[in-house]
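Worksheet for the structure shown next.
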Amino acid sequence: MSLWVDKHRPRDLMKLDFHKDQAIRLKNLVQQSDFPHLLVYGPSGAGKKTRIMCLLRELYGSGVERLRQETMTFTTPSNKKIEIMTVSSNYHIEVNPTDVGIHDRVVIMDLVKNVAQTHQIDSSGQREFKVVILNEVDDLTKDAQHALRRTMEKYVATCRLILIANSISRVIPAIRSRCLTIRIPAPTETEIASVLHLVCKKESINIPSDLAMRIARSADRNLRRALLMCEACKVQQYPLTADQKVPEPDWQIFIRDTASTILSEQSPKKLGEVRQKLYELIIHGVPPDMIFAGLLKELVKNCDMAMKCQVASHAARFEHRMRLGNKPIFHLEAFVAKFMAVYKKFMEESLGDAF
Amino acid sequence: MQAFLKTGKISATDKPSSSGIKTSTKKKPPAPWVEKYRPKTIDDIVDQGEVVQVLRECLSGGDLPHLLFYGPPGTGKTSAILAAARQLFGDITRDRVLELNASDERGIQVVRDKVKAFAQLTVSATRLDGRPCPPYKLVILDEADSMTTAAQAALRRTMERETRTTRFCLICNYVSRIIPPITSRCSKFRFKPLARENVIKRLREICEAEGVDVGEGDVLHQAVDTCEGDLRRALTALQCCQRLLGKITADGLIEVTGLVPENTVNEYLSVKNYSELEKFVDKFLMDAYSASQLLEQLSATVVTAGHLTNKQKCVISEKAAVCSHRLLDGGAEFMQLTDLGCTIITANNDP
């Protein structure tokens with residue numbers, strides 16, 4: 001038994017639930033003889049991967065769904081062996097080059113060259129190119145991105161790249177200008193709700209529209225999360241009722257909890273407690289930038305305008321430092337300490353005014 | 001390379017690549033317009049009067065200094081040197097030119113071994129069939145600003161010692177990233193951003209050749225505006241738009257270039273309080289627009305905005321610069337946009 005997310009994933013471009021105009025355009029694109037490199041970007045849970053798989057199916061037929069996993073080995077210039085997991089079918093290969101950290105450039109250069117040098121055996125009824133899908137392009141190192149530039153042009157005859165990114169801010173302009181960029185906005189709450197209804201209908205269960213709307217609202221416009229929440233709701237209590245509690249992700253509750261600890265008292269002792277909590281979050285694999293964003297959102301709730309600005313600017317500064325450094329805990333803690341100082345000063349001043 | 005320059009079509013596999021990969025394709029893929037219409041002689045190059053003139057003089061004299069081309073992307077640097085090489089060497093271009101760019105391994109080891117070995121070869125002043133040709137070879141180092149300083153340093157002596165047999169041409173966007181000993185050995189050429197009317201003229205020619213209807217040319221004006229003198233980007237945008245929509249429209253251009261709509265920028269510039277800001281940033285990121293693009297457009301808008309005082313403009317622009325830097329370093333878009341937004345709110349409240 002698979003999760004609803006996978007079970008009800010649309011497999012055809014025409015069956016997508018939202019951004020239908022775009023789907024029609026993509027279909028037209030496939031029917032033309034030439035197919036450009038694509039750069040697909042959008043927030044998570046907006047359906048980037050779904051669209052790409054649909055597109056591949058449109059290009060090659062159902063053969064692309066027979067997937068196999070392989071481990072490939074590359075050698076870096078410094079003679080270090082690196083391994084990377086790839087998922088491939090006869091027509092495409094998918095990798096996540098950021099898995100190997102700073103050696104991503106080697107993977108890109110070798111992999112694309114490997115794929116580009118092998119031709120389709122029977123190119124009569126087929127496209128004469130293969131597709132390489134690269135995930136998380138925005139997290140590639142600058143070196144790797146530069147390496148992509150010329151490679152993309154050089155091997156245009158035998159392979160096409162599909163790049164997936166969350167945001168194109170960090171993709172260098174040279175790559176952007178070589179690709180057809182496709183923006184995929186997150187679905188709106190109503191769209192999510194209607195998808196929930198559709199899925200529930202397929203599962204032949206009844207979902208009250210109030211509940212669907214509530215799930216959609218708490219899912220941050222992330223369709224995947226909405227579907228998972230919906231399934232969790234069903235497991236928790238069935239039949240579904242309109243006033244049912246929607247389970248929130250644990251880490252969100254935990255971050256909120258941490259924020260209230262910070263607000264309750266500002267002292268070195270409390271800072272020690274907060275450190276434990278931050279460690280806990282990091283150990284459980286919550287990305288540090290999400291912790292940062294969550295903390296900021298919670299902390300500014302109790303501040304006045306001037307202080308909000310101050311806190312936001314500190315948060316931005318420490319977050320930036322965190323990206324440059326390599327130990328997130330330092331910077332998270334620095335931010336918390338700074339916030340405590342600012343907050344305490346503010347409280348003391350306002351108390352002083354009262355007397 | 002010859003095939004590519006002769007026919008004007010990209011045939012990627014014909015390129016003399018450092019890795020020596022040669023495969024033969026019978027069918028040529030439909031070429032990107034950018035490659036299809038790459039200038040074939042230096043006289044075809046749009047704008048850049050001075051550079052072209054100097055190059056022409058050099059070509060007629062048959063001699064070439066070491067060259068350093070720098071300038072913003074899409075102004076014709078690579079095209080200029082490729083066309084010049086083509087005119088100099090004719091059909092022996094492949095033997096005489098070594099082209100290296102960022103996708104090739106270009107560390108210090110490669111400079112020491114490969115480039116040096118190539119540079120040390122002596123070539124004759126006649127072709128196989130006895131006609132004269134320049135007695136030197138050409139090394140083109142494209143995207144040279146991404147070479148390491150060590151690799152650049154390793155070039156220094158090689159450049160001097162092999163002047164008799166080899167000319168170097170370095171191409172980069174930022175001349176400041178090239179170490180001074182190299183710049184002092186080259187004659188530098190700055191490629192200016194292209195003038196509007198010339199870009200439009202060129203785009204129109206290409207569109208006519210492709211049989212694409214562009215109407216009165218308003219869309220062309222828009223294409224140029226969005227691409228800030230970058231001919232390649234404008235051309236790619238037009239082609240993408242044509243491919244995706246089947247026709248070229250203003251909205252389509254905005255979509256394929258990833259621009260942020262004008263009113264979104266204005267909305268950001270006129271946020272009043274924090275909750276509004278939070279909502280805006282959330283929506284902005286959910287719509288998958290790019291924060292760096294927003295900052296770029298914002299700074300253009302701020303400078304010309306009539307309703308802001310000079311002080312406000314200063315404050316906002318300074319913060320925008322800081323945030324843009326942090327974004328480039330990989331900072332989270334949410335944080336940076338919130339930070340800049342706060343500055344905008346404060347500035348708006350304090351004229």
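Taking segment B:104-119 as the range and being out of contact with any Asp or Glu (no Cβ under 6 Å at 6 or more places or on another chain) and more than 13 Å from chain A (Cβ to nearest Cβ) as the test, the residues that pass are B:111, B:112, B:114, B:115, B:116, B:117, B:118. Elements of the type helices (runs of 4 or more DSSP H) sitting completely within segment A:152-235 and holding at least 3 residues that are outside the structural domain of residue A:110 (by TED's automatic domain parsing): these cover A:189-202, A:209-218.
Go through the residues of segment A:180-192 one by one and say whether even a single one is open to solvent by 10 Å² or more (accessible area, probe 1.4 Å), hydroxyl-bearing (Ser, Thr, Tyr), more than 7 Å from chain B (Cβ to nearest Cβ) and touching an Asp or Glu at 6+ places or on another chain (Cβ under 7 Å). For segment A:180-192, residues open to solvent by 10 Å² or more (accessible area, probe 1.4 Å), hydroxyl-bearing (Ser, Thr, Tyr), more than 7 Å from chain B (Cβ to nearest Cβ) and touching an Asp or Glu at 6+ places or on another chain (Cβ under 7 Å): absent.
Residue-by-condition table, conditions (1) in contact with a Leu (Cβ under 6 Å, 6 or more places away or on another chain); (2) open to solvent by less than 30 Å² (accessible area, probe 1.4 Å); (3) more than 14 Å from every other protein chain (Cβ to nearest Cβ); (4) under 30 Å from residue A:30 (Cα atoms):
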site	(1), (2), (3), (4)
B:217	no, yes, yes, yes
B:221	no, no, yes, yes
B:236	no, yes, no, yes
B:241	yes, yes, no, yes
B:254	no, no, no, yes
B:273	no, no, no, no
B:286	no, no, no, yes
B:296	no, no, no, no
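Of all residue pairs spaced 6 or more apart or on separate chains, those with beta-carbon atoms under 8 Å, a first member in segment A:263-279 that is free of Cβ contacts under 8 Å to residues at least 24 places away in the same chain and a second member that is acidic (Asp, Glu) are A:277/A:257.
Residue count for segment B:206-215, restricted to those that are over 16 Å from residue B:35 (Cβ atoms) and loosely packed, with under 13 Cβ neighbours inside 10 Å: 4. With the condition kept exactly as written, say whether any residue in segment A:131-140 is assigned to a helix (DSSP H, G or I) and either modelled with pLDDT under 85 or touching a helix residue (DSSP H, G or I) at 6+ places or on another chain (Cβ under 6 Å) (or both). Checked against the condition, which is being assigned to a helix (DSSP H, G or I) and either modelled with pLDDT under 85 or touching a helix residue (DSSP H, G or I) at 6+ places or on another chain (Cβ under 6 Å) (or both), segment A:131-140 yields at least one hit. Of the set (1) under 22 Å from the mean Cα position of the chain (by Cα); (2) within 12 Å of chain B (Cβ to nearest Cβ), all apply to residue A:162 but (2).
For residue B:262, are the conditions met, namely being away from chain A (no Cβ under 14 Å) and of a type in the set (D, E, K, R)? Yes. Could you go through segment B:74-87 and let me know if any residue there is among the β-branched types (Val, Ile, Thr) and closer than 14 Å to residue B:133 by Cα. So far as segment B:74-87 goes, no, none of its residues is among the β-branched types (Val, Ile, Thr) and closer than 14 Å to residue B:133 by Cα. Residue check: residue B:331 meets all listed conditions (1) in a helix (DSSP H, G or I); (2) of a type outside the set (Val, Ile, Thr); (3) within 23 Å of residue A:322 (Cβ to Cβ) but one, namely (1). Scoring residue B:260 on the criteria (1) under 30 Å from residue A:153 (Cα atoms); (2) of a type in the set (Val, Ile, Thr); (3) outside any loop (DSSP other than H, G, I, E, B) leaves a single failure, condition (3). Residue count for segment B:177-205 satisfying the condition of being outside any helix (DSSP H, G or I), surrounded by 13 or more Cβ atoms within 10 Å (Cβ to Cβ) and more than 21 Å from the chain's Cα centre (by Cα): 1.
A residue that is surrounded by 22 or more Cβ atoms within 10 Å (Cβ to Cβ) and among the basic types (Lys, Arg) occurs nowhere in segment A:121-128. Apart from one condition, residue A:81 fits all of (1) in contact (Cβ under 8 Å) with a residue 12 or more places away in the chain; (2) in contact with a Ser or Thr (Cβ under 7 Å, 6 or more places away or on another chain); (3) open to solvent by 80 Å² or more (accessible area, probe 1.4 Å); the exception is (1). Among the residues of segment A:87-99, just one is surrounded by fewer than 19 Cβ atoms within 10 Å (Cβ to Cβ) and among the aliphatic types (A, V, I, L, M), namely A:87. Selection over segment A:28-52 of residues that are in contact (Cβ under 8 Å) with a residue 24 or more places away in the chain and open to solvent by 50 Å² or more (accessible area, probe 1.4 Å) gives a count of 2. Residues of segment B:141-158 that are touching a Phe, Trp or Tyr at 6+ places or on another chain (Cβ under 8 Å) and buried (at least 21 other Cβ atoms within 10 Å of the Cβ): B:141, B:155. Is it the case, given these coordinates, that residue A:285 is within 22 Å of the chain's Cα centre (by Cα) and open to solvent by 30 Å² or more (accessible area, probe 1.4 Å)? Answer is yes for this residue.
Conditions (1) modelled with pLDDT under 85; (2) more than 17 Å from residue A:137 (Cα to Cα), marked per residue:
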{"position": "A:30", "(1), (2)": "yes, yes"}
{"position": "A:39", "(1), (2)": "no, no"}
{"position": "A:44", "(1), (2)": "no, no"}
{"position": "A:48", "(1), (2)": "no, no"}
{"position": "A:58", "(1), (2)": "no, yes"}
{"position": "A:61", "(1), (2)": "yes, yes"}
{"position": "A:66", "(1), (2)": "no, yes"}
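When the helices (runs of 4 or more DSSP H) confined to segment A:243-337 are screened for residues that are at the interface with chain B (Cβ under 9 Å from one of its Cβ atoms) and aliphatic (A, V, I, L, M), those reaching at least 1 such residues are found at A:288-299, A:305-324.
Of the listed requirements (1) farther than 25 Å from residue A:44 by Cβ; (2) in contact (Cβ under 8 Å) with a residue 60 or more places away in the chain, residue A:227 misses just one: (1).
The values are calculated or read from the model by the stated rules, or taken from the named source; none is laboratory data. In this text the structure is predicted, and so the values were computed from the model without any measurement. Here Cβ is always computed from backbone atoms with ideal geometry, including for glycine, and neighbour counts include all displayed protein chains. All accessible areas refer to the heavy atoms of the entire protein, side chains included, with ligands and DNA or RNA removed. Shrake-Rupley method; radii C 1.70, N 1.55, O 1.52, S 1.80 Å.
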